[in-house]
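Okay, so here's the structure we're looking at.
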Amino acid sequence: MIYSSAVAVATSIRPQAFTAKSCTGDYVKRLLLSCFVAATCLGTAELPAASPGPLPPPADRELARAIFKELIEINTTHNYGSTKAAEAIQSRLLAAGFSRDDVNVIAPPEHPSKGNVVVRYRGMGQGRPVLFLGHLDVVEAKAEDWSVDPFKLTEKDGWFYGRGSIDMKDGDAALVETSIRLRREGFVPHRDVIVALTADEEAGGDANGPAFLLKEHRDLIDAGMAINLDDAGGALKNGERLYFRLGTSEKIYATFTLETTSPRGHGSLPGPDNAIYRLASGLGRLGAYKFPVMLTATTRASFEKLADLEPGPESPGMRAVARIPSDLAAAERLSQIVRFNAQLRTKSVVTLISGGHAENALPQRAKATIQCPLIPGDTAEHVQTALISALNDSKISVTLDAPRVVCA
């Protein structure tokens with residue numbers, strides 16, 4: 001998400017929703033169809049009217065749901081990869097009449113399970129292509145932590161359940177079905193449209209799809225404009241379109257490893273120095289630490305607009321934060337709301353922890369992983385210094401993990 005850099009603006013594009021009645025077959029599909037047509041006819045097309053357009057035909061809604069179900073039920077967590085999902089999409093598009101030359105499944109040779117699918121919808125050639133970007137991979141989901149099977153699409157109480165039902169196989173399905181529908185209906189855009197559904201976004205790891213495509217296959221995705229479906233979004237009020245969030249920049253993250261050690265020994269003879277206790281105490285201090293408020297021009301504008309678009313008890317605080325200088329007391333009150341806190345400051349969160357090697361032995365080592373989403377303008381070096389200060393223990397080392405992937 002890009003909480004730190006999203007500004008709310010008035011809009012007529014339908015925002016996403018994820019209920020069973022609307023997911024992929026309604027709001028997302030209409031959003032994609034509107035964006036698809038408007039973005040590819042720049043200079044001549046206007047945005048849709050404020051009132052929602054008609055639903056897609058029943059056959060298209062059924063197809064969108066079928067694609068959505070198929071994708072949900074393909075495990076695309078980091079260990080499994082995304083190639084199977086990419087090939088499933090390729091099969092759908094080839095069956096719909098797309099040329100094999102225009103539907104490419106590509107994976108790094110050293111990571112064959114991390115497949116990306118790139119689709120080119122041919123237009124009139126009047127301008128550089130528009131790129132729609134999404135990702136196929138999902139965050140790990142352990143069955144014991146779910147009330148339903150995370151890799152089976154479940155419709156319950158008006159909602160869809162399944163890993164990726166929001167992030168972001170709903171959007172993937174909508175992009176694929178919209179492409180199929182527009183081709184069937186004979187739509188020819190002014191320019192080519194490229195749809196790239198990529199690997200390894202969630203892990204940000206060894207086979208990041210956009211980075212791989214930019215480096216090795218730029219010709220397939222080279223475009224004049226990119227629309228990232230995984231960012232921003234819209235809001236409804238009483239069934240009416242209220243606003244749509246546009247991102248001006250994106251939070252990056254830095255990952256740190258905390259590590260401490262202590263003398264070995266048998267568990268029956270504990271001493272005063274214990275790596276697990278020390279790390280736990282440090283994490284407690286870190287949990288109580290708040291990074292300073294750090295506002296950008298975008299977040300100020302966002303709070304100012306949201307105060308009017310979402311009037312309520314927080315509106316005065318939003319306006320006070322948007323002013324220059326900001327009211328820090330108001331910022332502190334807004335920080336109690338999770339989504340606002342994410343816009344106000346860099347955050348740190350412990351996501352993994354390990355320690356010890358045997359139940360009857362004193363721990364010689366304890367480690368924790370800290371992930372920090374950075375407000376645009378902040379730096380990993382500044383965050384590392386802040387973490388060291390908050391931990392306040394020279395025996396806990398703080399190491400910046402592998403540098404983040406940067407697509408340039």
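Considering the conditions (1) free of Cβ contacts under 8 Å to residues at least 12 places away in the same chain; (2) surrounded by 15 or more Cβ atoms within 10 Å (Cβ to Cβ); (3) under 25 Å from ARG218 (Cβ atoms), THR154 is excluded by exactly one of them, (3). Scoring ALA322 on the criteria (1) closer than 30 Å to ASP273 by Cβ; (2) in contact (Cβ under 8 Å) with a residue 12 or more places away in the chain; (3) over 23 Å from the mean Cα position of the chain (by Cα) leaves a single failure, condition (1). Being assigned by TED's automatic domain parsing to the domain that holds GLU73, surrounded by fewer than 21 Cβ atoms within 10 Å (Cβ to Cβ) and farther than 24 Å from GLU185 by Cα is the requirement here; does LYS114 meet it? No. Give me a count of the residues in the stretch 337-362 that are under 14 Å from VAL321 (Cα atoms) and free of Cβ contacts under 8 Å to residues at least 12 places away in the same chain. Qualifying residue count for the region: 1. Among helices (runs of 4 or more DSSP H) entirely within the stretch 266-347, having at least 2 residues that are in the same structural domain as ILE396 (by TED's automatic domain parsing) and among the basic types (Lys, Arg) singles out 275-288.
Looking at the stretch 381-396, can you tell me whether even one residue there is buried (at least 20 other Cβ atoms within 10 Å of the Cβ), touching a helix residue (DSSP H, G or I) at 6+ places or on another chain (Cβ under 6 Å) and modelled with pLDDT of 95 or more? Yes, the stretch 381-396 has at least one match. Residues in the stretch 182-198: is at least one without any contact (Cβ under 8 Å) to a residue 24 or more places away in the chain and either surrounded by fewer than 15 Cβ atoms within 10 Å (Cβ to Cβ) or closer than 19 Å to GLY233 by Cβ (or both)? Scanning the stretch 182-198, I find at least one residue that is without any contact (Cβ under 8 Å) to a residue 24 or more places away in the chain and either surrounded by fewer than 15 Cβ atoms within 10 Å (Cβ to Cβ) or closer than 19 Å to GLY233 by Cβ (or both), so the answer is yes. Per the conditions (1) modelled with pLDDT of 95 or more; (2) not in a loop (DSSP other than H, G, I, E, B), the sole criterion not satisfied by LYS114 is (2). Any residue in the stretch 94-107 that's within 17 Å of THR178 (Cβ to Cβ): show its pairings with residues that are at pLDDT 95 or above and among the aromatic types (Phe, Trp, Tyr) at Cβ separation under 9 Å, as long as the two are six or more apart or on different chains. Pairs that qualify, where the first residue is within 17 Å of THR178 (Cβ to Cβ) and the partner is at pLDDT 95 or above and among the aromatic types (Phe, Trp, Tyr), are PHE98/TYR121; ASP102/TYR121. When you scan the stretch 191-213, do you find a residue that is closer than 30 Å to ASP101 by Cα, of a type in the set (Lys, Arg) and over 25 Å from the mean Cα position of the chain (by Cα), even just one? Yes, the stretch 191-213 contains a residue that is closer than 30 Å to ASP101 by Cα, of a type in the set (Lys, Arg) and over 25 Å from the mean Cα position of the chain (by Cα).
The values are calculated or read from the model by the stated rules, or taken from the named source; none is laboratory data. For clarity, every value in this text was computed on a predicted model and none was experimentally measured. Cβ: placed from backbone, ideal geometry, glycine included. Neighbour counts: every protein chain shown.
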